[in-house]
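*Asks:* Okay, handing you the structure first.
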Amino acid sequence: MIFRRWIVSLLAAGIIAGCMTASADDFSGEKTLGVRTGYNTRNREPLAGIEFTYRFNRLLRLAPSAEYVFRRDGRDALMLNLNAQFVFPLAGGRCNLFPLAGINYSSWNYHPSATGNYTDDVSSRVSRFGLNAGAGVDTNLTGSLRLSLSGQYTFIKSFGGVNICAGIHYRF
């Protein structure tokens with residue numbers, strides 16, 4: 001529990017510091033590639049993934065991502081998201097607040113734990129489409145480094161849940 005508090009404290013300090021010192025560059029065509037980690041409430045386990053963003057203009061970004069939800073009680077998932085982020089600059093453009101909305105494709109895998117036999121076949125998977133809604137905040141620490149914190153709810157039949165993620169992104 002103390003480790004989680006340290007991570008959240010460091011991320012918050014980085015975002016606050018970035019809001020105070022980062023430049024306000026805001027370019028159409030900006031691209032980022034980053035790694036994300038977080039927590040999935042449906043499975044009550046961590047998740048990890050990658051995210052790419054492309055900025056169309058000052059206020060709109062497209063953010064496809066892929067995330068893996070780690071196994072708990074014989075259940076894990078691969079989630080593919082395509083979100084639109086509506087960017088609102090704060091602190092003179094150094095920080096951004098963004099609501100997001102998008103689509104989700106999730107493939108949940110079931111592994112029988114009683115036998116210890118982890119065979120993967122199509123009968124042990126449930127795949128569905130859903131919708132995402134959420135919000136986040138990010139800050140540009142330098143001209144090429146961005147930190148982010150976001151939360152989103154995935155509306156999906158029988159597998160709805162919240163993903164809370166922190167990320168570090170390379171901006172190019």
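*Asks:* What is the one condition in (1) open to solvent by 20 Å² or more (accessible area, probe 1.4 Å); (2) closer than 17 Å to R72 by Cα; (3) at pLDDT below 90 that G160 does not satisfy?
*Replies:* (3)
*Asks:* Restrict the check to segment 98-106 and report whether at least one residue is at pLDDT below 95, open to solvent by 50 Å² or more (accessible area, probe 1.4 Å) and assigned to a strand (DSSP E or B).
*Replies:* Scanning segment 98-106 turns up no residue that is at pLDDT below 95, open to solvent by 50 Å² or more (accessible area, probe 1.4 Å) and assigned to a strand (DSSP E or B).
*Asks:* Another question about this same structure. Residue by residue through segment 25-72, note down the ones that are part of a loop (DSSP other than H, G, I, E, B), in contact with a strand residue (DSSP E or B) (Cβ under 9 Å, 6 or more places away or on another chain) and free of Cβ contacts under 8 Å to residues at least 60 places away in the same chain.
*Replies:* F27, S28, G29, R44, F56, R58, L59
*Asks:* Quick one: would you say Y118 is at pLDDT 95 or above and open to solvent by 50 Å² or more (accessible area, probe 1.4 Å)?
*Replies:* Details: at pLDDT 95 or above: no; open to solvent by 50 Å² or more (accessible area, probe 1.4 Å): yes.
Spelling it out, it is not the case that Y118 is at pLDDT 95 or above and open to solvent by 50 Å² or more (accessible area, probe 1.4 Å).
The values are calculated or read from the model by the stated rules, or taken from the named source; none is laboratory data. Since the structure is predicted, the reported quantities are computational estimates derived from the model, not experimental observations. Quick reminder, even Gly has a Cβ in these numbers, built from the backbone with ideal geometry, and neighbours come from all protein chains shown. These accessible areas exclude ligands, DNA and RNA; they are computed on the full protein's heavy atoms, side chains included. Shrake-Rupley method; radii C 1.70, N 1.55, O 1.52, S 1.80 Å.
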